[in-house]
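First the structure, in the form of structure tokens, and then the observations on it.
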Amino acid sequence: MKMMWATYLLFFLISFSLLNRIDGEEICDNSLPYGKCSLNTGCGCLSLSYNNNISVCAYLYISCSELSSCAQDNKTCYQPGYICVNHPRCQYRPLCYPMKMATHAICPLIPATSVSPIPDDGICANATWNTNGTTVAGGNKAGSELNQLQYPFGIVLDDDSNLYIADSFNHRIIKWHYGSSVGKIVAGGNDLGNRSDQFRYPNSLTIAKNGTMFICDNGNHRLQKWEKNAREGETIISNITCTGIYIDNQDSLYYSDVGGHKIVKWPENEIIAGGNSEGSQLNQLSYPNHFFIKNNKSIFIADGGNNRIVEWIIGDKQGIIRAGGNGPGHNLDQFYQPMSVIIDQSDNLYVVDYDNNRIMRWLKNSKSGIVLIGEGEEDGHGKDQLMRPTQALFDKNGNLWICDEMDHRIQMFTIDKSACKK
């Protein structure tokens with residue numbers, strides 16, 4: 001009997017020691033099961049089996065077969081360095097989880113204060129943009145040399161205005177340093193294929209704060225994760241066709257499932273918008289393309305098949321039409337396959353109107369837009385023209401960067417805020 005009590009005391013002391021070692025870097029602020037807690041999108045909250053008020057921020061994608069059941073008291077683990085947690089995705093009984101997979105290095109916590117993805121851009125209703133663009137990448141005809149692009153489709157900017165390009169028909173991701181005349185291959189570029197180091201017509205990408213890239217590998221119907229400086233990627237989602245992909249300011253990942261006519265949040269696999277088959281009702285989408293998330297609360301979607309921009313409050317069952325929705329056309333209240341949408345801090349919309357070869361601005365609550373860039377239904381190769389633009393971005397100063405697909409270039413249009421000064 002004394003031996004049994006001594007054993008229980010030993011395990012209690014081990015568990016107590018482990019709990020004390022869960023410092024502020026590893027305890028979840030989010031108490032929801034599997035709630036978001038880390039800059040690593042693969043981490044989530046696991047509550048302690050013997051204290052549901054305390055959750056550990058842990059890596060969720062460890063194999064369930066690596067976890068053993070807790071002792072009969074549902075709080076003791078016999079292996080040193082393990083702690084008893086609730087992990088119902090693996091088993092409804094408590095499981096022993098290795099604390100080495102719940103460290104700050106693996107699951108760095110989200111900072112207590114987060115930065116809005118919409119900067120204090122200083123853009124007012126009277127701001128204007130130069131209608132003549134500057135070529136910042138490509139523009140040397142279609143080709144595979146490092147000073148060329150071939151039907152680029154998706155772009156991302158980092159804080160230093162370095163450009164990452166989904167160079168679709170070259171089956172690669174290119175990083176183009178600001179001011180450089182050539183790019184650098186950072187993923188793919190090993191011919192067309194479905195190996196882990198290859199792509200087949202990648203069409204969009206986004207980058208986490210730690211440098212990890214998430215890439216829609218369109219032709220292979222998969223979503224790839226490429227760690228910073230990696231030579232190959234990892235497939236995290238298969239059997240999808242995505243056009244848009246986005247990381248919010250808490251590093252949650254969202255992607256558009258074009259075939260499923262929906263926007264999905266990963267790793268929860270939660271449908272955020274659409275998913276009610278293809279259609280034009282307010283709870284439906286039709287071939288959603290690029291989208292923009294504002295303050296983690298609402299999604300603005302380029303609903304391509306419906307020729308409209310939809311705002312969908314996260315958690316709602318349906319969206320509202322913010323622009324277009326008047327059938328395909330060239331009028332100022334119409335789009336012809338909108339491909340991308342972004343917003344400024346004043347809630348004005350900027351829409352890439354793909355088949356109309358133009359960028360439109362819709363002021364908040366307006367019933368029609370104005371053409372900022374492009375010649376409407378006419379296409380061309382001039383500085384003031386676009387040929388099938390696919391995506392728009394703002395840099396931190398409010399300049400517009402446009403992916404000009406069939407001109408095989410990225411254009412930048414500078415902003416003039418002089419009319420915004422009081």
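The values are calculated or read from the model by the stated rules, or taken from the named source; none is laboratory data. What you see is a predicted model; the values in this text were computed from it and never measured. Glycine also receives a Cβ, built like all others from the backbone with ideal geometry; neighbour counts cover every protein chain displayed. All accessible areas refer to the heavy atoms of the entire protein, side chains included, with ligands and DNA or RNA removed. Shrake-Rupley method; radii C 1.70, N 1.55, O 1.52, S 1.80 Å.
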*Ignoring ligands, DNA and RNA, what percent of the 1.4 Å accessible area of segment 250-292 is carbon and sulfur?*
36 percent
*Can you put Lys228, Lys262 in order of accessible area, largest first, using a 1.4 Å probe?*
Lys228, Lys262
*asked:* Leaving out ligands and nucleic acids, and using a 1.4 Å probe, what accessible area per residue does segment 34-177 come to in Å²?
replied: 45 Å²
*asked:* If you roll a 1.4 angstrom probe over the protein chains with everything in place, what fraction of the accessible area of segment 32-114 belongs to carbon and sulfur, to the nearest %?
replied: 54 percent
*Packing-wise, with mean Cβ within 10 Å as the measure, how do 342-353, 400-411 rank, highest first?*
400-411, 342-353
*May I ask for the distance between the Cα centers of segment 328-349 and segment 266-324, given as a whole number of Å?*
14 Å
*Using a Förster distance of 30 Å, how high is the FRET efficiency between Asn296 and Ile62, based on the Cβ-Cβ distance and rounded to 0.05?*
0.65
*By its C-alpha gyration tensor, with a ≥ b ≥ c as the square roots of the eigenvalues, how is segment 128-416 shaped: rounded for a/c under 1.5, else prolate for a/b larger than b/c, else oblate?*
oblate
*asked:* Is there a quick way to get the dipole size of the chain? I mean about its Cα centre, with the Cβ of Lys and Arg at +1 and of Asp and Glu at -1; what is the value in debye to the nearest 20?
replied: 900 debye
*Divide by every residue of the chain the summed helix terms, -39500 (n - 2.57) for each DSSP H run of at least 4, and state the resulting mean residue ellipticity at 222 nm, rounded to the nearest 500 deg cm²/dmol.*
-1500 deg cm²/dmol
*If you put +1 on each Lys and Arg Cβ and -1 on each Asp and Glu Cβ, how big is the dipole of segment 253-339 around its Cα centre, in Debye rounded to 20?*
160 debye
*Quick one: which of 275-286, 205-216 comes out on top by average Cβ neighbours within 10 Å, and what's the full order, highest first?*
205-216, 275-286
_Protein-only accessible surface order, largest first, of Ile293, Ile185 at 1.4 Å_ = Ile185, Ile293
*Mind checking which of Leu146, Cys216, Val351 is farthest towards the positive end of the chain's charge dipole, using Cβ charges of +1 (Lys, Arg) and -1 (Asp, Glu) about the Cα centre?*
Cys216
*Of Glu268, Glu232, which has the most accessible area and how do the rest follow, probe 1.4 Å?*
Glu232, Glu268
_In Å², and per residue, what accessible area does segment 264-422 have when probed at 1.4 Å with the other protein chains present?_
40 Å²
*Computed over segment 32-114: relative contact order in percent, which uses C-alpha pairs under 8 Å that are six or more apart*: 29 percent
*Express in % the proportion of alpha carbon pairs of segment 32-114 at distances exceeding 20 Å.*
26 percent
